[in-house]
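I have placed the structure first, in the form of structure tokens, so that the comments after it can refer back to it.
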């Protein structure tokens with residue numbers, strides 16, 4: 001599997017750290033956020049990466065519940081993806097805090113987590129539990145070579161994988177002052193889009209890996225998951241659009257601005273339709289085997305646009321008082337975000353290479369690209 005040049009990774013991380021120290025000195029006023037727009041690029045990336053982490057479940061399920069033992073090593077790669085995605089997501093939360101050293105207020109014994117009353121506490125607990133579980137399972141494999149783990153542990157991993165994204169959706173949907181999020185369809189839409197973009201990202205990973213773990217059967221399975229979950233996502237989105245536009249109410253103002261546009265805003269209008277267009281193009285291209293990697297790449301970008309900044313920013317416009325505030329990420333936000341993403345990708349590649357070296361018996365070359373078109 002190819003890897004990022006170490007020098008590029010080191011420079012990107014160093015520049016990102018310098019930008020973060022600069023942000024700590026000057027405060028969040030150095031970002032594009034303001035008193036009206038409390039969340040921006042950082043939280044958008046956090047929500048997207050939580051979905052990527054949750055999508056590792058789609059490899060756990062067939063291996064352990066449908067006895068697809070020939071894909072066992074692929075499930076370990078899914079654990080690598082889940083581990084790095086959650087770690088990067090938590091880093092985005094850290095940089096979004098104006099004073100991250102006050103995080104100890106949520107630690108047991110030092111502060112008050114407000115569990116179970118606070119949904120934020122649920123989100124923190126399931127994320128940390130999922131991070132520790134995947135880290136322990138991966139460490140177990142690297143030390144002993146034993147994979148997969150027992151079924152009860154995999155059941156726990158699957159439950160936590162669904163829980164981290166469901167609780168994140170509840171964290172947003174429980175805000176009636178933000179009608180853009182206040183929908184019972186938000187959680188199922190989160191899961192559907194997460195499985196679609198997660199399987200697309202895994203396809204890109206496995207296309208770079210030779211061996212039994214990247215077999216034609218595995219890629220076909222991921223393509224089917226990506227296609228079906230994307231169709232479910234489109235159906236749920238269509239249901240929401242019908243309610244928003246058939247009988248418009250004031251509660252749907254933010255959502256209508258997101259799709260119809262707002263002069264001077266980056267994350268309205270064209271942003272929404274570009275995101276949906278990329279997802280639609282992915283759905284069309286996935287029917288041809290040679291175009292599957294391109295379809296996966298378009299879907300990863302399209303879902304990030306819609307479920308990242310496209311989900312977070314429009315919810316604050318207009319405010320509860322009817323004010324319209326505009327948000328454009330500053331160079332500080334872009335720099336820090338790029339550094340965290342590069343760190344996450346580099347860490348993922350490093351872990352996957354470790355896993356491949358630990359499983360030498362699966363090193364035989366297998367054709368990566370099927371000769372026949374995929375039939376979702």
- Item | Filtered residue count, the stretch 96-125, keeping only those that are more than 17 Å from residue 51 (Cα to Cα) and assigned to a helix (DSSP H, G or I) | 10
- Across the stretch 74-115, the tally of residues that are farther than 29 Å from residue 339 by Cα and either within 22 Å of the chain's Cα centre (by Cα) or modelled with pLDDT of 80 or more (or both) stands at 0
- Query: Taking residue 319 and the conditions (1) surrounded by fewer than 21 Cβ atoms within 10 Å (Cβ to Cβ); (2) assigned to a helix (DSSP H, G or I), which numbered condition does it fall short on, given that it satisfies the others?
  - Reply: (2)
- Among (1) surrounded by fewer than 22 Cβ atoms within 10 Å (Cβ to Cβ); (2) within 29 Å of residue 63 (Cα to Cα), the one test that residue 261 misses: (2)
- Message: Being assigned to a loop (DSSP other than H, G, I, E, B), within 30 Å of residue 330 (Cα to Cα), in contact with a helix residue (DSSP H, G or I) (Cβ under 8 Å, 6 or more places away or on another chain) and touching a residue at least 40 places away in the same chain (Cβ under 8 Å) narrows it down to one residue among 258, 267; which is it?
- Response: 267
- Query: When the stretch 35-50 is examined, which residues are found to be under 17 Å from residue 177 (Cβ atoms) and in a loop (DSSP other than H, G, I, E, B)?
  - Reply: 35, 36, 37, 38, 39
- Item | Lone qualifier among 128, 86, 93, 167 - being surrounded by fewer than 14 Cβ atoms within 10 Å (Cβ to Cβ), touching a helix residue (DSSP H, G or I) at 6+ places or on another chain (Cβ under 9 Å) and part of a helix (DSSP H, G or I) | 128
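Kindly indicate whether residue 156 is outside any loop (DSSP other than H, G, I, E, B) and at pLDDT 85 or above.
On the way: outside any loop (DSSP other than H, G, I, E, B): yes; at pLDDT 85 or above: no.
No, not satisfied.
In the list 243, 292, which residue meets the criterion of being farther than 22 Å from residue 324 by Cβ and in contact (Cβ under 8 Å) with a residue 12 or more places away in the chain? So that I can check it myself, show each step before the final result.
Details: 243 fails: in contact (Cβ under 8 Å) with a residue 12 or more places away in the chain.
Residue meeting the stated conditions: 292.
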- Message: Six or more apart or on different chains, Cβ atoms under 7 Å: show the pairs whose first residue is in the stretch 2-20 and on the phi > 0 side of the Ramachandran plot and assigned to a loop (DSSP other than H, G, I, E, B) and whose second is surrounded by 14 or more Cβ atoms within 10 Å (Cβ to Cβ) and modelled with pLDDT under 80.
- Response: none
- Item | Every residue from the stretch 270-289 that is in a loop (DSSP other than H, G, I, E, B) and either without any contact (Cβ under 8 Å) to a residue 60 or more places away in the chain or surrounded by 14 or more Cβ atoms within 10 Å (Cβ to Cβ) (or both) | 286, 287
- Query: So which of 218, 231 is in contact (Cβ under 8 Å) with a residue 24 or more places away in the chain, assigned to a helix (DSSP H, G or I) and more than 20 Å from residue 303 (Cβ to Cβ)?
  - Reply: 218
- Note on the structure: Reported set for the stretch 322-336 where residues are closer than 17 Å to residue 23 by Cβ and either buried (at least 22 other Cβ atoms within 10 Å of the Cβ) or touching a helix residue (DSSP H, G or I) at 6+ places or on another chain (Cβ under 9 Å) (or both) is 327, 329, 330, 331, 332, 333, 334, 335, 336
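Conditions tested, residue by residue: (1) within 18 Å of residue 16 (Cβ to Cβ); (2) at pLDDT below 70; (3) assigned to a helix (DSSP H, G or I).
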{"residue": "338", "(1), (2), (3)": "yes, no, yes"}
{"residue": "341", "(1), (2), (3)": "yes, no, yes"}
{"residue": "354", "(1), (2), (3)": "no, no, yes"}
{"residue": "365", "(1), (2), (3)": "no, yes, no"}
- Hey, any hits in the stretch 221-242 for a residue that's surrounded by fewer than 18 Cβ atoms within 10 Å (Cβ to Cβ) and closer than 18 Å to residue 62 by Cα? yes
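The values are calculated or read from the model by the stated rules, or taken from the named source; none is laboratory data. The structure displayed is predicted, hence computed values, not measured ones. Backbone-built Cβ (ideal geometry, glycine too); neighbour counts: all protein chains shown.
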